[in-house]
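First up is the structure itself, then whatever we jot down about it.
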Amino acid sequence: MKKIAAFSILLLVSSCRFFDGQVPDEEALLQKRLKEINWKEVSSYPSIAECDAIIDKELKKECFFSSMTALIQEKLGADTIAMLYPSMDTLQFRVTVFSNATLKFEPQVPRDSISANTNRVKLDSIIQSKLVDFPAIVPAQKEGVPVTTQFILPIILDVKK
């Protein structure tokens, strides 16, 4: 019986040492973690089904951008815009992939490349009507949370030249 009591006291004394340290402050831990995160870069880029099998982050990014470029070129059709605006061979698109997996396309057309404002409206209308029904897109992620990303894609309009 004495051995059990001595063991219990020894166990009690040695286990108390584990409680000597202070419990870390939640706010301090959060601030430390927030400083560790690179806020200028996503953990994973947006993706589409054909790129899902790629593990390497940079290769997956390249796959997504080249697939999006090809899809936009295909949907716009080389002759549609090139016929109406023969001086334009490349269009820059600001593409926004929202955290809810929706897309927004904004053509970045220099003001001097389209003569009249009505032509600009017509061009926007053509682009918006053709850039629909894209395959499902997985939004970019930051620390496992879907985030909105935005990028510029140059699209060559007349690939036959």
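The values are calculated or read from the model by the stated rules, or taken from the named source; none is laboratory data. Values in this document were obtained by computation on a predicted structure and should not be read as measured data. FYI the Cβ positions are ideal-geometry reconstructions off the backbone, even for glycines, and counts take in every protein chain you see. Accessible surface areas use protein heavy atoms only, side chains included; no ligands, DNA or RNA. Shrake-Rupley method; radii C 1.70, N 1.55, O 1.52, S 1.80 Å.
Just for the range 38-55: of the residues that are open to solvent by less than 60 Å² (accessible area, probe 1.4 Å) and within 17 Å of THR149 (Cα to Cα), which one is farthest from the chain's Cα centre (by Cα)? Give the steps one after another, and end with the answer.
Step one: filter the range 38-55 for residues open to solvent by less than 60 Å² (accessible area, probe 1.4 Å), giving 42-48, 51, 54.
With the extra rule that they be within 17 Å of THR149 (Cα to Cα), the set shrinks to 42-48.
On the way: VAL42: 7, SER43: 9, SER44: 7, TYR45: 4, PRO46: 4, SER47: 8, ILE48: 11 Å.
Only one residue fits best here, namely ILE48.
Kindly list, by first and then second residue, each pair from a residue in the range 71-94 that is loosely packed, with under 12 Cβ neighbours inside 10 Å to a residue that is modelled with pLDDT of 70 or more and part of a strand (DSSP E or B), limited to pairs with Cβ atoms under 7 Å and residues at least 6 apart or on different chains.
THR90/PRO154; THR90/ILE155; THR90/ILE156
Answer with yes or no whether ASN100 is modelled with pLDDT of 90 or more and assigned to a loop (DSSP other than H, G, I, E, B). Show your work before the answer.
Details: modelled with pLDDT of 90 or more: yes; assigned to a loop (DSSP other than H, G, I, E, B): yes.
Criteria met by ASN100.
Between a residue in the range 32-60 that is under 21 Å from LEU103 (Cβ atoms) and any residue that is of a type in the set (D, E, K, R) and surrounded by 13 or more Cβ atoms within 10 Å (Cβ to Cβ), which pairs come within a Cβ distance under 6 Å, given they are 6 or more apart or on different chains?
Listed pairs, sorted by first residue: VAL42/LYS142; SER43/LYS142; TYR45/LYS61; CYS51/LYS60; ILE54/LYS60.
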